[in-house]
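Participant: Dropping the structure in here first, questions after.
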Amino acid sequence: MDSEGAILVLRLLHIVAGVFWVGAAITVTFFTMPVVRATGAVGGEFWGQFMARSHFSQVMTAAAVVTVGSGLFLYWDFYSGIAWQLADPGPQTIFGLGGLIAIGVALVANLAFPRIGRRLGQIAELIQMQGAPSPAQAAERTRLARRMQVLSTMTAVLLVVTTALMAVGRYA
Ligand code: HEM
């Protein structure tokens with residue numbers, strides 16, 4: 001494959017994985033999670049099954065890796081060595097800023113979400129064995145769910161910011 005073909009494939013991978021990543025983050029954060037919260041035990045049961053059976057976390061990680069990996073290659077090919085100018089930003093600055101935001105989001109999401117999810121799963125198992133949550137377990141579950149909600153909202157909003165920067169980058 002010549003280099004023009006390789007760039008085309010990278011752009012395809014980058015854009016398809018990127019729109020999936022941001023679209024899925026928006027759907028889960030603003031549509032699925034509020035319904036899970038509003039439906040109490042039924043919602044909790046659904047969320048547990050969803051995370052266990054859909055491979056959602058793994059698919060999101062894969063989308064983030066493909067988006068960031070292909071984005072870094074594209075950046076390196078087009079803009080490496082071109083200085084950023086914040087006062088009069090060109091494409092290198094806009095794509096670079098968008099890329100940095102997405103890389104930050106990918107790191108935080110992949111470190112924090114699995115840990116919170118694992119702990120919520122452990123608490124759910126204990127509660128199932130006991131029949132009812134202890135006050136400490138209920139408090140921890142509420143705290144973790146709240147943290148998940150805040151992180152998830154920040155992630156989705158920042159991914160929208162990245163998408164906006166990607167959309168205008170070439171016209172800067
Ligand atoms: C949510 C994550 C992301 C989304 C949705 C996204 C989306 C897009 C889209 C739609 C384009 C095409 C823009 C155009 O042709 O005018 C693009 C281009 C580009 N993206 Fe991203 N991107 C994301 C993350 C990243 C990351 C992490 C980097 C790494 C630095 C990056 C680097 C680039 C570069 C350098 C281009 C220009 C490619 C070219 O001109 O052919 N992107 N991105």
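Participant: Out of residues 5 or more away from G90 or on other chains, whose amide H comes under 5 Å of its own, with H placed 1.01 Å from N in the peptide plane?
Facilitator: Q85
Participant: Can I ask one more? Got a sec to turn the phi values of region 42-59 into Karplus ³J(HN,Hα) couplings, 6.51 cos²θ - 1.76 cosθ + 1.60 with θ = phi - 60°, whole Hz, x for Gly and Pro?
Facilitator: 4, x, x, 5, 4, 4, x, 5, 4, 5, 6, 9, 8, 6, 4, 4, 5, 5
Participant: Let me ask something else about it. Whole-Hz ³J(HN,Hα) for each residue in region 126-135, computed from phi via Karplus 6.51 cos²θ - 1.76 cosθ + 1.60 with θ = phi - 60°, x for glycine and proline: what do you get?
Facilitator: 4, 5, 5, 5, 6, x, 8, x, 6, x
Participant: To continue, here is another question. Please give the charge dipole size of the chain, origin at the Cα centre, charges +1 on K and R Cβ atoms and -1 on D and E Cβ atoms. Round to the nearest 20 debye. Kindly include the intermediate steps, with their values, before the conclusion.
Facilitator: Values: 11 positive and 7 negative charges, 142 e Å.
Using only the charged Cβ atoms, the result is roughly 680 debye.
Participant: What is the sum of charges, Lys and Arg at +1 and Asp and Glu at -1, for the other residues whose Cβ falls under 14 Å from the Cβ of T153? Before the final figure, lay out the partial values.
Facilitator: Values: positive: R37, R146, R147; negative: none.
Residues near T153 contribute +3 overall.
Participant: Hey, fewest Cβ within 10 Å first, where do E45, E4, E125 land in order? It would help to have the intermediate numbers written out before the result.
Facilitator: Values: E45 14, E4 7, E125 11.
With the sparsest Cβ surroundings first, the list reads E4, E125, E45.
Participant: Next question. Quick one: what are the phi-derived ³J(HN,Hα) couplings along region 82-96, Karplus 6.51/-1.76/1.60 with θ = phi - 60°, whole Hz, x for glycine and proline?
Facilitator: Calculated HN-Hα couplings, in order: 8, 5, 6, 10, 6, 5, 9, x, x, x, 4, 6, 5, 4, x Hz.
Participant: Still on this model: Give me W84, W47, W21 ranked fewest to most by other Cβ atoms within 10 Å of their Cβ, as a rough exposure proxy. Write out the running numbers ahead of the final one.
Facilitator: Numbers: W84 12, W47 22, W21 28.
Sorted ascending by nearby Cβ count, the order is W84, W47, W21.
Participant: Let me ask something else about it. Give me the three principal axis extents of region 3-171 from the C-alpha atoms, as integers in angstrom, largest value leading.
Facilitator: Sorted from largest, the Cα extents of region 3-171 read 61, 35, 23 Å.
Readers should treat all values here as calculations from the given coordinates under stated rules, not as data from a laboratory. Quick caveat, the model's predicted, so the values are computed rather than measured. Heads up, the Cβs are rebuilt from the backbone with ideal geometry, glycines too, and the neighbour counts pull from every protein chain shown.
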